[in-house]
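The values are calculated or read from the model by the stated rules, or taken from the named source; none is laboratory data. Note that this is a predicted model, so its numbers are computed, not measured. A quick note on method: Cβ atoms are made from the backbone with ideal geometry, for glycine too, and the neighbour counts reach across all protein chains shown. When the accessible area is computed, the model is the full protein with side chains, heavy atoms only, and any ligands, DNA or RNA have been set aside. Shrake-Rupley method; radii C 1.70, N 1.55, O 1.52, S 1.80 Å.
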Amino acid sequence: PLALWMHETNPGVGLAPRKDVERQLEAHYRGKGASLEEAEDRTARFLADVREHAGLFLERGADTYGFIHLTFEEYLAAVAIGRQGQLELQKTIDKLCQHLSEPEWREVVLLTVGYLGIVQKWEELASRVMEGILTHELGGDQRGLNVVVAGQATLDVRPAGVTAETQ
């Protein structure tokens, strides 16, 4: 969820102010039932743990955090979008189609299809996402881009990431 928030807030930048990161993490923990004090403690522990043990999410200057590489943010954002679809697939489709024409979101779209079809082995769900992308109409000079993106995603997950019918 943190990576998705960061990508929605500043796509392609990969950085966020420390206070905003802390607020997002605290809200996440509060949404999981933690008290305000517990959420603050978990946030502090999370930031300390990733700094000391993981090296994936770092302080990238004075009071600024970011992933070690933008690709990690994109992948984790894709996982968050894919997980939203476990309960309601249309949310995943809508989120991807909302950003379909934005270059900063292209990798997230492709990675979401890959996460569903290859990592989770949910070829049917990945296929339904692809069908949602294919039927999403873009206008103006973006017309047909949905077909190009769907083709790229299909190539990325072949041979088994989506159903043969979708391929």
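For the stretch 1-68, what mean projected area does the convex hull of the alpha carbons give, in nm²?
Numbers: hull surface 17.4 nm².
Its average projected convex-hull area is 4.3 nm².
Please report the base-10 log of the normalised intensity I(q)/I(0) for the stretch 23-153, using a Debye sum with one equal scatterer per alpha carbon and no solvent, at each q in 0.13, 0.18 (1/Å).
The Cα Debye sum returns log10 ratios of -0.67, -1.01.
Of Asp156, Asp20, Asp141, which has the most accessible area with a 1.4 Å probe, and how do the rest follow in descending order?
Asp141, Asp156, Asp20
Given the -39500 (n - 2.57) contribution per DSSP H run of 4+ residues, what per-residue ellipticity at 222 nm results for the chain, rounded to the nearest 500 deg cm²/dmol?
The per-residue figure over the chain is -18500 deg cm²/dmol.
Relative to the longest principal Cα axis of the chain, at what angle does helix 123-135 sit, 0 to 90 degrees, rounded to 10?
Approximately 70 degrees, to the nearest ten.
At R0 = 22 Å, how high is the FRET efficiency between Ser35 and Glu88 if r is their beta carbon distance? Nearest 0.05 is fine.
Efficiency computed from Cβ-Cβ geometry: 0.15.
If the cut-off is a Cα-Cα distance under 30 Å, which lysines reach Lys121, setting aside same-chain residues fewer than 8 apart in sequence?
Lys32, Lys91, Lys95
Let me check I've understood the local charge: for Glu88, count other residues with C-beta under 13 angstrom from its C-beta, Lys and Arg +1, Asp and Glu -1. What total comes out?
So the surrounding residues net to +3.
Given a Förster radius of 22 Å and the C-beta distance between Thr9 and Ala48 as r, what FRET efficiency does 1/(1 + (r/R0)^6) yield to the nearest 0.05? Don't jump to the answer; show the numbers that get you there.
Details: r = 23 Å, r/R0 = 1.04.
It comes to 0.45.
Most fluctuating residue of Gly144, Gly117, Gly14 in a GNM of the chain with Cα springs under 10 Å: which is it?
Maximum fluctuation in the GNM of the chain, among the listed residues, is at Gly144.
Given H placed 1.01 Å from N in the peptide plane, which residues other than close sequence neighbours of Phe67 have an amide H under 5 Å from its amide H?
Leu58
How far apart, in nm, are the 7 Å Cα→Cβ label points at Thr64 and Glu131?
Here the answer is 4.4 nm between the modelled labels.
Could I have the simple spin-label model distance between Arg18 and Lys121, label points 7 Å from Cα toward Cβ, reported in nm to one decimal?
4.4 nm
Find out how many positive minus negative residues lie around Pro103, taking Lys and Arg as positive, Asp and Glu as negative, among other residues whose Cβ is under 14 Å from that of Pro103.
-4
Take the alpha-carbon centre of the stretch 134-160, take the same for the stretch 64-131, and report the distance between them in whole Å.
A separation of 14 Å, based on Cα centres.
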